[in-house]
Structures are given as structure tokens and as C-alpha cells.
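Data block below; observations after.
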Ligand SMILES: Nc1ncnc2c1ncn2[C@@H]1O[C@H](COP(=O)(O)OP(=O)(O)O)[C@@H](O)[C@H]1O
Ligand SMILES: [Mg+2]
């Protein structure tokens, strides 16, 4: 089983994802340079956070025309799991692999802090070890995390169970006060219709060790491993 | 040689927090007449194309594939011929 | 009622990181003809002023005091009369 | 009146004569400009050099002291910390976002120039009182700029400080500090040696930005240049991220002889300083420097301060390895010249030699000035404080609330929430405790980092204030479980040509030096920023101290929050009743006067030693030093951070307000298990320091009784709201 972490110029959570997978979860993990032409040997691709191409123009906009993204599209079509975190989520949205778009945080500022998210769908390769409605304490760090999607699309996404995480209060209630950036309906993470691509703004790789921000993030990567080992996807 | 000015704005239906913040700031500075502010991008591109038709086609293409995100943004552009 | 479009651009001598990155991206997409890209802001303001003179004065004022930082930015604007 | 050419580049007649004598001829226009920028205060330290010699700069652990791009201190296991702090005050006053951003960008380059990977950023910010729109604008945008750069390049901003005082209204201070980690064997230096080796410029292309100020003569400039040059720059953190990765990759190849970033005075300082350090000369051709603009004349290329560029000296014949690596990262790299052995910096424009002067004369031979100094007269007035005239407030809870809401004490979360302080997943203690702690991957160690200065103390007594800045920095590290190792400093002062300002400067440096000696924290790098004044007012003397300490075992990491119901709260050190210079005096009586708190360095060292020993012994559950707002605020902060209450009894007679809010030094509040109390007392007696049991962690309120009377009683939740939301309320 092999994970690949894509490195765009300006990615900076690549190393964090790599360390989390290799050091904390003991997985075979490699970096994938953005000019790579072949993703054949990987079982899961991670699009890490950071500021690919400086997040100039729009977060993820320039990365979508990077050569590796054609290969990522093929990888997605082959049905294998892809997770995009923060800027990685923006790349997925810009490329049209996931629906929606991102606006500036509604307070117009970059926000770095721990938030709570509620798991809305446990029938994905990324959440299959989560309990129903499980609440995770997890850091965010973004300036353009205000998720937007049109009404029609949203409706379809809801019908398809594509909303995976929502920002919530410590007790799990989804409230305006617990929405850090103005995201539509507190959406913090979504998957594609097929369920093999997850985009999420919070950073699970930042909370996988007690010395950092707790361990709540580990369940997401462990779910992927479980899935790749043939473990059942709930529901 | 052509010179394209691309104007990218948020779609009308989408709230514009930056524009609002500027509006609030202007009102607090006692520019009472301000009714609405929208914030967009201006991208200026110098192009070596031969004809304005060609330049226009190219610019439209650039907008659709990179410069604008049409889920949330609209764009328009002007194209001027300039001396190299 | 007036409608002002304010264009704010970085002064020529100032490096434009965003413009550069966009240019490189366009070149990598094989838009070879792209010679230069500069990125600026477009701010659209609706104003309740009575005369275009008045509106113009006000907009210039806004640019100098809030919208642009003239140490690094230049601005221009267009002002159109519109129906309320 | 027409100025003489040398005046236009900011030189005096005597300085000009010195140049003529050194060269044995008159310098040409370009050469004159080179001296102008290199002999400016900013590059030459001509006004401060003599005074800075007082600092202790060596020690067993010091691998690189002042004089290079950054200092280096050993942390064991073959690893070392590289660090430096630098000011970007003047640009930030004009364009706060870009000024602060490029400040961060510049200090980051200083760190990776040494071969180190930058692992943390800190900052020290000072503005006028948060009242006017202008001040809010400066604060808001400086914070955004620091975040904009650090977040994008992916280096966590883990700590810092923010103060507000009227003296900074016209002169905000924006100091940025960067810290890197390096293996001993990988250290690079800014040295050019080996005749024939290639001189390469890498990174951004060169434009007319960052030129300006007095030291720029228009003698040989054309119209176009006049119109286009700009004193400001726009930071490009994305480009710097690429430059950082490319440089670190390049260093691995072993082909790099020396490297220096292009900072102040651009190519002029990088070329003359590297050549001078290597005892070499350098022959460069400005026509080979990649440019962003047309029509630039040689002098513009030489002194441009365009950001995100480096000068790399490469072994002859290996230039292509450099080009290859930089190409991979999408960056420019060009050979612009060669190292020579004649000691001359020779500048060509194509075939024509346009200037040639001894490299050392630019880099090292600026005059050194012994400025006049005199104790300023204001000290007599502000030193006097008649406490009898100050009525003890009835409502001590109310006082505590106003202190918690005072922007100088209130939570700085509004600012640091805009900084990514977690990226790189090494930040074990995030902003909000006494010091930040960053773990060192692959070891069981961590480093602790802090930046401190209470400039009000420095205003009242620069020597004591300077010493307190050092002591407080060290104390903050100790509270986090670290052994303080070394300091870096940013000395922000007014106009040194004024005897009163120069006196403050000398006093502050001498106080800092004494404290650095006493606490065994040599100064390994630093920066001086003079002329922080408007027409009438200079800023308070503000010698900011950045400090690093080593946490030998990550299990020693300690934070300020109370941990568990029933733990015993103990004060190491002595609770005094000093009013002078306190935030209490300012907030309640509107006074900034009196004596700065007394500092006994011997006591300080013993308090710190005792605290660290107890932490390392596993006894301490929380530790917090007492600073602004005194013991009451320290206790409140520990309650807030721990989300738990405390019941405390303070002893002593006299004024309750000063017992609670006085800012006596050398005090640390720790908590321990009841069963460990004897060990604490035993340690304190061995270290010869006072120790007092204050009370217990318990409940949901902070209760402080004084001599049997209720002094403070407040719900932790309420205190938290006041403290956490104060700055946000003002800013939104
Ligand atoms: N500008 C800033 N950037 C990052 N962290 C900051 C900043 N200002 C304050 N902090 C953090 O807030 C906490 C409290 O700061 P401060 O009151 O200056 O602490 P202390 O009095 O212990 O030195 C510290 O952890 C500090 O690092
Ligand atoms: Mg402290």
C-alpha cells in the first residue's frame, strides 16, 4: 500500500502529510513532484495544504493547470481514493473534481485555530472508522475557506450524502457561531458523487500526536488504510 | 501587439465581504452617498498576437480556463491594439 | 446616481508577484504570445451624488485616502451616470 | 542651496575626505553611491558599533556570534539553532502590510543564508494607543502582512509581543525574528574566497524598488530612473519559498563556497561584504544581472533592494549544477562575475569598468563615531512618584477587569489567530503561554522561543529596563521548561545624534549586557534601528530581546495554565509592592512614572535555576512568570488558560493594590501536587530563594484574599471573556 503526497511549488503542508503518514502511521509514503507523469504505483493520493503558486489569483487556481492534475483526474476516474486538505481542497474544487468554490473568509482574515467538525457521512473511504456524527477537534488555517455552492448542486450533494463534515460547536450542534469562515451551511468537507474524493478545509495531519493538537485527525487516515485493506465502507 | 484588460467580478448573487468592508469604511469616513461597493480583479495582459480577433479568442479562453472561476465570477474584457 | 469603476494597479517599478505567477501559468498552458501580466484591483462603487463633478471629486478623494496606497499603487477611474 | 554630491548620498565632508584618502583619488559617481549606502548607519553601524562591543558574544555553545547574517548556538546532538531579529519600522509606517511582509521575508533569508531550514518566526510590534483609525489601520495591516508572508512561505509564526503606547503613534515598531535549525557540518557563511570561483545571483530579477532615502544621489540618473524608483517593495513569499527550497537543495551538493542574501544596499553590500570577509576581491558585470525593468543604469543595479535575491559563490566549473537546481524550481540564476585575489570590488557594465574600489573599504572601513551622550532631563520629572497621592481603589475586581482588558495585557489572539502557528507540525506550545516551544524532529528535544521588552521600564530607566528585558525573556523560557542559551536583540531608538537618546542607548546596552552575562545568554546577533522619531517625539527606548532555550526532554515542556483541582500554588521569589512603571499605574491613574522595578540579577538567576530544576525533576505542573499586571494578572491568566479557578491568600501589609498589581521582578508562580510541596521547599532553600504557598487550584472562580480580607473574587469565565475579546472589540 503506497501513499503519494503531491508537491506543487508553494505547497507547504506536504511535509506534514508525509510525516503523519510515514512516521505516525508507518505507511509507505512518497512525494510526487508536480511534473510527474505517472501515478500508477500509488493507492491513495494526498493533495496537501499550503499555498500552491502562492495562492495567487485564487487558491488552487494555478495548480489546476499543473501537469500532475491530468494524472490526478485519471486516478480519480480509476476509483482510487484522493484526499485534498485545505489548499488541496481548493485545487480539487478549482479543477472541477469537487463541486463548489471558495470565497474569502467572511471576516476577511486568515484564521488559524482549533475548531470542531461533525462527521455527517461515515460511508466514505475517509470516515469509515468514525462513529455516526462523531465530533472531531481539528485545526484550520486558511484565509479563503468560505465554501460556496449553487442551490441546485447543493441539493444534489445532500441527496447523495456528499457533505462529509460540518463545522459545529464543542457539543456537536451546527450553529452560526461555530462557523469560522462563513461556509455555506457550515460545510467543512465534501466528497464527489462516487465518494472516492474528499476535500476538507481542516488539517487532520496536524492533530495526530498528543504533543501537538491531540489525535483526532488520525481517524481519517486510518479509515483510508482500512478501506485500502479491504475494510468495509459503512452504509 | 495587443493589450487586454480583463475585469473579473463576483456574480451578483454572491455576497462580497470585501466590497462590504470597503463600503462600511467609506460610510464611516462620511462618504454618505455610497450605496454599494463591489470588489473585483483587473488583469492586464500584453499579447503578441497578430489580429484582434485572434487576441480576443485567446483572452476569452484564458478567462474560461484560468483567470476566472465561473462558478462564482463573471468576466468582461477590453482589447486594445498597441505599438510593440 | 453614478457608478464609478476604480482601477488600482501596482506602480510600474514595483514587482508584481501575482502577475508574474499568472504569466508563468499562461505560458505553461502554451499561450506563448503572453508578454506581460499585471494584476490589479477593480472596485465598483454606486454613488448617490447629484453631479458628475461632485462624484468625481469624491471618488478621487476616496482613492487617495482609502482605496489605494499611493506609495505603491496608481489608480484611475471611470464615472458613468446611471438610472437609480 | 545646491547640495554637494557627497551630501546627496548622505556622507559628510570628513567622510568624503576619508574616501579620497583611501582611494588616493576622487571617487566617481557610482563609487560615491556605493560608499553612501555602505557607510550609512543602517549598513555600517557607525554610531553604534563602539557601544555594541560591550555585549558578551561568546560562550561554549556559540558557534557563530554577531558579524554574519545570523548567529548560531549549539543545542547538542550535532544540531544548532540559527537566529536573528531585525526591524522594518520605517517601511511599515508607510505601507504596513508590505513593510511587515518584507520584514519577515528579509529575516527569513538571513536564516537560510546560513544553510539552516527556518522553523519558526516571531515578531515584536508596537503602535500608538488603539484609538485613532490610523493606528488601527497600521496594526491591522502590519499583522496581516506578517501573516501574509509567513503563512504563505509555510514557516509558523509561534510567538511575539504587541504593545500600545502613545510614543509609537508616529513611529510604529515592527521587528521580525526568525529561527532555524541546522547540523553543525552544514553551516554556510557569507564568504567569497578562491580566485576564479563564480559569483552568481539567484532568485528574483532586479528592479528599481527599494531605492530611496537620503543615500541616493541623482547625479548620474536619467529622467526615467527618477520617475520610476520607489522606496517600497512588495513581498513575494511564493518566490521566497522556491528560493528557500532551491538553496537548501543546492547546499547539499557541496559546490557552494559562500552565500549571502541581498538585503540593505543590495548587491553592493552582498558583494563587498562577502569579498571582504574572505579577504578577496570580486569582479562583477552588472549587465549580466537579470532585470525586471528597462533602462536601469549600473548604480541602480548595484543598490537596488529588490527582494528575494541571493548572491552565491560557487566552485569554479560547477555553475551548471546551480543552474539546473534553480531551473527545476523555476528560478533565475546567472553568473555575474568571479572572485579575485586583488581585494578590489570591480564593477563592469559589459566591457567597460565603471567602478573599482577596495571591497574592505566599503564593508569595514566606515568611520566609527563616539557620539555625545547626556542623561536626558525628563528623567528627573518622571522618576518621582508620590504613592500617597494615589488612593487605593475600592473595587479591586474592577481594577483587575480593566487590566485584563488593557490591550497591553489582553489576549493577543486577535493578532496571532491570523498567523499559521502550526504548519510544519512541530509547535508543541502555541501562542498564549510564556514562550513558544518547537520540537526538534528526530530527537527528544525541543527549543523554546520568546521576544520581550517592556519599554516603559526602559523609558524610566534604560539600564534596568534593558536588563529586565533579558531577564524576562530568560524567565519565560525557563517557565516553559527550557534552559536559556542565547539572545538576539533589536535596538529601537530615536536619533543617536541627540545626546539624550545616545545616553539611553548606552544605558540600555550596558544593562542588557550585564543581564546576559549574569544569565549566561550571550548575544549572537542583532540589529539597530535609530531615528525612530517624528518632529517632536522619540519612541521609548525599545531594546527588544529575542531568546532561545533548549528543552532537553520534551517531557519537560510546561505551560502556564493551571492543571488540576487540588494542586498547590506556590510563588518562587518574593511578592513586593512596586508601583513604578506598572500597567496598573497607567491604566488606573494615567501615569507613566516612578522607578522601574528593581532587578537583582543574582536573585533572578537563582529563581530561574530553582524553577528549571523542579521542572526537570517532574515536579511542576504549571509555571507562569509575573509581568505586566503583577501577580493578580498572572494568576488570572493561569486560571483562564487552564479553565479552572484558584483560591489564594496573599500576605503582607501595606497597599493591597500594589501587592496584587505591582510588577516586581524575579517571580514565578508554579503549581505542584500536595505531595511534592516538600521538594519545592527543599529546592528553594538550596537555591536560597523565598518560597510561599499561595493557595490551591480549585473551583470556577479566582479568589484572592489579602491578610484575611477578600481582595478579588471573579468567575474565570467572565475574566476570560474580558481578556479574550478586548482587542477584537476595539478592532471590529
Ligand atoms: N504578535 C504576536 N504574534 C504571535 N504571538 C503573540 C504575539 N503577541 C503576543 N503573542 C503571544 O501571546 C502570549 C502572551 O504574550 P505576552 O503578554 O507578551 O507574554 P509575556 O508577558 O509572557 O511575555 C505569548 O505566548 C506570545 O507569544
Ligand atoms: Mg511571561
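A few notes on this one:
- Any pair with Cβ under 6 angstrom, 6 or more apart, that starts in the stretch D:465-487 at a residue that is over 20 Å from residue D:513 (Cβ atoms) and assigned by TED's automatic domain parsing to the domain that holds residue D:622 and ends at one that is at pLDDT below 95 and in a loop (DSSP other than H, G, I, E, B): none
- Taken over the stretch C:31-61, the residue count meeting the criterion of being in contact with a helix residue (DSSP H, G or I) (Cβ under 8 Å, 6 or more places away or on another chain), part of a loop (DSSP other than H, G, I, E, B) and under 19 Å from residue B:60 (Cβ atoms) is 2.
- Residue among D:394, D:365 that is part of a loop (DSSP other than H, G, I, E, B) and within 30 Å of residue D:270 (Cα to Cα): D:365
- Out of D:678, D:643, sole residue that is surrounded by fewer than 23 Cβ atoms within 10 Å (Cβ to Cβ), within 14 Å of chain A (Cβ to nearest Cβ) and either over 28 Å from residue D:591 (Cα atoms) or within 16 Å of ligand 1 (Cβ to nearest atom) (or both): D:643
- When D:588, D:607 are checked against the criterion of being in a helix (DSSP H, G or I) and either within 16 Å of ligand 2 (Cβ to nearest atom) or on the phi > 0 side of the Ramachandran plot (or both), a single residue qualifies: D:607.
- Pair list, Cβ < 8 Å and 6+ apart or interchain, from the stretch D:412-429 residues that are within 7 Å of chain A (Cβ to nearest Cβ) and in contact (Cβ under 8 Å) with a residue 60 or more places away in the chain to residues that are in a loop (DSSP other than H, G, I, E, B) and within 16 Å of ligand 2 (Cβ to nearest atom): D:421/D:430; D:422/D:430; D:428/D:557
- The one condition from (1) surrounded by fewer than 14 Cβ atoms within 10 Å (Cβ to Cβ); (2) at pLDDT below 95 that residue D:364 does not meet is (1).
- For the stretch A:199-233, the set of residues classified as free of Cβ contacts under 8 Å to residues at least 24 places away in the same chain and more than 13 Å from every other protein chain (Cβ to nearest Cβ) consists of A:230 only.
- Index of the failed condition, residue B:53 passing every other in (1) at pLDDT below 95; (2) more than 22 Å from residue C:32 (Cβ to Cβ); (3) more than 10 Å from chain C (Cβ to nearest Cβ): (2)
- All positions within the stretch D:172-201 that are under 26 Å from the mean Cα position of the chain (by Cα) and part of a strand (DSSP E or B): D:173, D:174, D:175, D:176, D:177, D:178, D:179, D:180, D:181, D:182, D:183
- Every residue from the stretch A:92-119 that is part of a strand (DSSP E or B) and either within 13 Å of chain B (Cβ to nearest Cβ) or within 15 Å of residue B:72 (Cα to Cα) (or both): A:101, A:102, A:103
- When residues of the stretch D:450-504 are limited to those that are in a strand (DSSP E or B) and either more than 16 Å from ligand 1 (Cβ to nearest atom) or at pLDDT below 95 (or both), the one nearest to the other protein chains (Cβ to nearest Cβ): D:483
- The stretch D:417-449, residues that are crowded, with 24+ Cβ neighbours inside 10 Å, outside any strand (DSSP E or B) and within 16 Å of ligand 2 (Cβ to nearest atom): D:434, D:435
- Test: residue in the stretch D:468-482 that is closer than 27 Å to residue D:370 by Cα, touching a strand residue (DSSP E or B) at 6+ places or on another chain (Cβ under 9 Å) and more than 16 Å from ligand 2 (Cβ to nearest atom): no
- Selected residue [more than 13 Å from ligand 1 (Cβ to nearest atom), in contact with a strand residue (DSSP E or B) (Cβ under 7 Å, 6 or more places away or on another chain) and within 14 Å of another protein chain (Cβ to nearest Cβ)] from D:111, D:153, D:181: D:181
- Residue D:528 vs. criteria surrounded by fewer than 24 Cβ atoms within 10 Å (Cβ to Cβ) and part of a strand (DSSP E or B): yes
- Any chance residue C:46 is touching a residue at least 12 places away in the same chain (Cβ under 8 Å) and within 14 Å of chain D (Cβ to nearest Cβ): no
- Search result, residues across the stretch C:8-30 that are more than 23 Å from residue B:84 (Cα to Cα) and assigned to a strand (DSSP E or B): C:8
- If you go through the stretch D:435-449 and keep only what is more than 14 Å from chain A (Cβ to nearest Cβ) and within 8 Å of ligand 1 (Cβ to nearest atom), you end up with just D:435.
- Residue D:627 closer than 26 Å to residue D:163 by Cα, within 16 Å of ligand 2 (Cβ to nearest atom) and in a loop (DSSP other than H, G, I, E, B): yes
- Test: residue in the stretch D:161-170 that is crowded, with 24+ Cβ neighbours inside 10 Å, modelled with pLDDT of 95 or more and part of a loop (DSSP other than H, G, I, E, B): no
- Residue within the stretch D:137-146 that is within 16 Å of ligand 2 (Cβ to nearest atom), modelled with pLDDT of 95 or more, away from chain A (no Cβ under 14 Å) and in contact with a helix residue (DSSP H, G or I) (Cβ under 8 Å, 6 or more places away or on another chain) present: no
- Test for residue D:175: is it within 13 Å of ligand 1 (Cβ to nearest atom) and more than 14 Å from chain A (Cβ to nearest Cβ): yes
- Exclusive hit being touching a strand residue (DSSP E or B) at 6+ places or on another chain (Cβ under 9 Å), more than 7 Å from every other protein chain (Cβ to nearest Cβ) and modelled with pLDDT under 95, set B:12, B:35: B:12
- Candidate set: the stretch A:47-62, residues that are under 14 Å from residue A:5 (Cβ atoms) and within 14 Å of chain D (Cβ to nearest Cβ); chosen: the one surrounded by the fewest Cβ atoms within 10 Å (Cβ to Cβ): A:48
- Annotation for the stretch D:347-355: no member residue is surrounded by fewer than 18 Cβ atoms within 10 Å (Cβ to Cβ) and either within 14 Å of chain A (Cβ to nearest Cβ) or over 30 Å from residue D:303 (Cα atoms) (or both).
The values are calculated or read from the model by the stated rules, or taken from the named source; none is laboratory data. This is a predicted model, so every value here is computed, not measured. With ideal geometry, Cβ positions are generated from the backbone for all residues, glycine too; neighbour counts draw on all protein chains shown.
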